[in-house]
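Every number in this text was worked out from the coordinates using simple rules, so none of it is lab data. Every value quoted in this text rests on a predicted model; they were computed, and no experiment measured them. Please note: Cβ atoms are built from the backbone with ideal geometry, for glycine as well, and neighbour counts cover all protein chains shown.
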């Protein structure tokens, strides 16, 4: 396999978005009561289902830990680990959450609102510099917590669009992301909804063992000539 990308016909990705939106409607992502809570959720959702993250978030809310970044930052990693156990990898994720809050207080005085003024490329570099935050988590934070037009690529995106011939299954994150940003308007609302719709399709139909017979994208195939980017 290679990292070759296929240049889609004009409007193909927009057409897919419209098909999915027509079928499923708005998904209401990302659930969260504050910008900080959305960031916590983005870190917790690594390698687990959102239903597990919801349980962890409920535990944190019930303990009053999400009332402010300052209160969360004062928690010991061991307590965070206990509260987020439903999300899996609790010790690792507790460490990553502490890494983020340490960054937040050192760089922005513990105030996520101060991050709003930072240009997207600069903020992305800062977030990627935090241990435990990779491209997918970083871009989820940018899109959902700060409403930046950054397309999030996850395993579901790669599964669906590699099966339909848009890129190889082992395409890099950056190259897969570039396919969408080059062929869609730079609009955070579209990127938000598209990502949520992809997840919905992957969970209901484009599973590891796909249900192709009733897939809304049945027959969609990118047959354009592969081109390096």
| field | Answer label for percent of Cα pairs over 32 Å apart (calculated), chosen among (i) 58; (ii) 23; (iii) 14 | value | (ii)
| said: If packing is taken as the average number of other Cβ atoms within 10 Å across a peptide's residues, how do 23-29, 161-167 rank, most packed first? | reply: 161-167, 23-29
| query | Simple spin-label model, 7 Å along Cα-to-Cβ: residue 173 to residue 47 in nm? | reply | 1.4 nm
| request: For the chain, with a Gaussian network of springs between Cα atoms less than 10 Å apart, report the residue from 33, 61, 209 with the top mean-square fluctuation. | output: 209
| query | For the chain, what does -39500 (n - 2.57) per DSSP helix run (n ≥ 4), summed and divided by total residues, give at 222 nm, in deg cm²/dmol to the nearest 500? | reply | -16000 deg cm²/dmol
| message | Using a Förster radius of 35 Å, what is the FRET efficiency between residue 19 and residue 122 based on their Cβ-Cβ separation? Nearest 0.05, please. | response | 0.45
| query | How far apart, in nm, are two points set 7 Å out from the Cα along the Cα-to-Cβ line at residue 79 and at residue 91? | reply | 2.0 nm
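Between residue 58 and residue 189, 0.36 nm times their residue separation minus their Cα-Cα distance comes to what? Numbers along the way, then the final one.
Details: separation 131, 0.36 × 131 = 47.16 nm, distance 2.66 nm.
Additional length available on full extension: 44.5 nm.
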